[in-house]
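Below: the structure, in structure tokens.
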Amino acid sequence: MEKRMKIAALAGGVGGAKLAYGLSKTLSNGQLSIIVNTGDDFELFGLYISPDVDTVCYTLAGLANPLTGWGQVDETWEVFQALSRIGGPNWFRLGDHDLALHMERTRLLHSGLSLTEVTQELCIRMGIKDHVYPMTDQPVRTIVNTVDKRKLQFQEYFVKEQCIPEVTGFEFSGIEEAKPGFYVIKTLTEADLIIICPSNPWVSIDPILKLSGIVEIIKKKIVVAVSPIIGGKTIKGPAAKMFLELGIEPGCFEVANHYKDFLKGFVLDSQDQEEASRVSDLGIIPFVTQTVMRSMDDRIRLANEVLEFGMNLFRKGI
Ligand code: FO1
């Protein structure tokens, strides 16, 4: 990969972070910028928590808990246990080390820095060589509408209610007023290749795409997406269940279809290779490979393949 090529990745939580890690290991300093969903952000105990940004940063810094994918490795739980003993809210598990990060982020935000500036500062402190940009500095909150007519904050749906309620749709509160971050626009405008990581299209990538001006920029670019759905299922998270509840066939084809207005290339798993011709029929070039990332080597191999595929489209001027 030529060192002057600029790569932008759009990511949500665990699946996105794994591919971002592979890209980070493959690309040189400063080549990779990762734009991360903040629709899952919320406040607890007065602390600002940004789960997807943290999952991406911990993963890039080699600090992620390998069992959960979120939170920190070798975590301790003194505060969480003490909180549980005194009857405090314990549905969202915050480890001691993770808590320290939320405290420091909140302190920096209160000192007047933007979420982008705070994230840059924390990345430097964690030794991350790539650029990580929250999608916006303004509050956008993903709301999950359920069949029993409730409107759940994303973490209430995902963690407190363990994705059990049947969904009827999503809202992104604040999306009309929010502006994409300055570096988000700059990164996408200057990118030679944009990679949509294998994250949930509805709740991880759509909030980024629905910010004003984003789709207009990426329509002019080479955009390649990696399917988060393999054999009709998701490796982690509720994407396949959401597809079913929304009346959409939970398969990789529908992921490509969801992005069809701007997608040039689509990476799908070998298990789904019979879907490749349907993807081609959408005018999107398919690339079939093993997309499950069980090991660190898998992340790097997939990242290399996706970059090669994307750069070939770039060279052909597609
Ligand atoms: N996910 C859970 O399923 N249970 C938790 O208790 C939990 C705590 C948590 C703490 C910090 C953090 O950054 C993430 C955490 N997550 C937890 C994951 C998080 O809810 C999801 O990664 C996303 O928001 C979906 O991408």
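The values are calculated or read from the model by the stated rules, or taken from the named source; none is laboratory data. Everything quoted here is computed from the prediction, not taken from an experiment. Glycine gets a Cβ as well: all are built from the backbone with ideal geometry, and neighbour counts include every protein chain shown. Heads up: the accessible areas ignore ligands, DNA and RNA and are worked out on the full protein's heavy atoms, side chains in. Shrake-Rupley method; radii C 1.70, N 1.55, O 1.52, S 1.80 Å.
Worth pointing out:
- Computed on region 123-270, with alpha-carbon pairs under 8 angstrom and 6+ residues apart, the relative contact order is 21 percent.
- Carbon/sulfur fraction of accessible area - the chain, other protein chains in place, 1.4 Å, %: 52 percent
- Distance in nm between pseudo-label sites at ASP261 and ARG4 (7 Å out along the Cβ direction from Cα): 3.4 nm
- Considering only alpha-carbon pairs that sit under 8 angstrom and 6 or more positions apart, the relative contact order computed for the chain is 19 percent.
- The figure for HIS110 is an accessible area of roughly 150 square angstrom, using a 1.4 Å probe on the protein chains alone.
- Projected label points at GLN162 and ASP297, each 7 Å from Cα along the beta carbon direction, are separated by 3.5 nanometres.
- Within straight-line reach of LYS149, meaning a Cα separation under 20 Å, sit the following lysines at least 8 residues removed in sequence or on another chain: LYS160, LYS241.
- Separation between Cα centres of region 274-290 and region 146-180, rounded to whole Å: 31 Å
- In plain terms, the chain from GLN153 to GLU216 could stretch by 19.8 nm, reckoned as 0.36 nm per residue minus the Cα-Cα distance.
- Expressed as a fraction of 2.2 N^0.38 Å, the C-alpha radius of gyration for the chain is 0.95.
- Comparing Cα centroids, region 58-107 and region 18-46 end up 18 angstrom apart.
- Taking region 28-156 and dividing mean pair separation by its residue count, relative contact order in percent (alpha carbons under 8 Å, at least six apart): 31 percent
- With the cut-off at under 17 Å, measuring from each backbone N in region 123-147 to a point 7 Å along the Cα-to-Cβ line of LYS25 picks out 128-130.
- Computing FRET efficiency as 1/(1 + (r/R0)^6) for TYR183 and ARG107, where r is the C-beta to C-beta distance and R0 is 22 Å, gives about 0.50.
- More than 27 angstrom apart: percent of Cα pairs within region 1-138: 20 percent
- Residue-normalised accessible area of the chain, given per residue in Å² at a 1.4 Å probe: 44 Å²
- The long axis of helix 51-60 is offset from the longest Cα principal axis of the chain by roughly 70 degrees.
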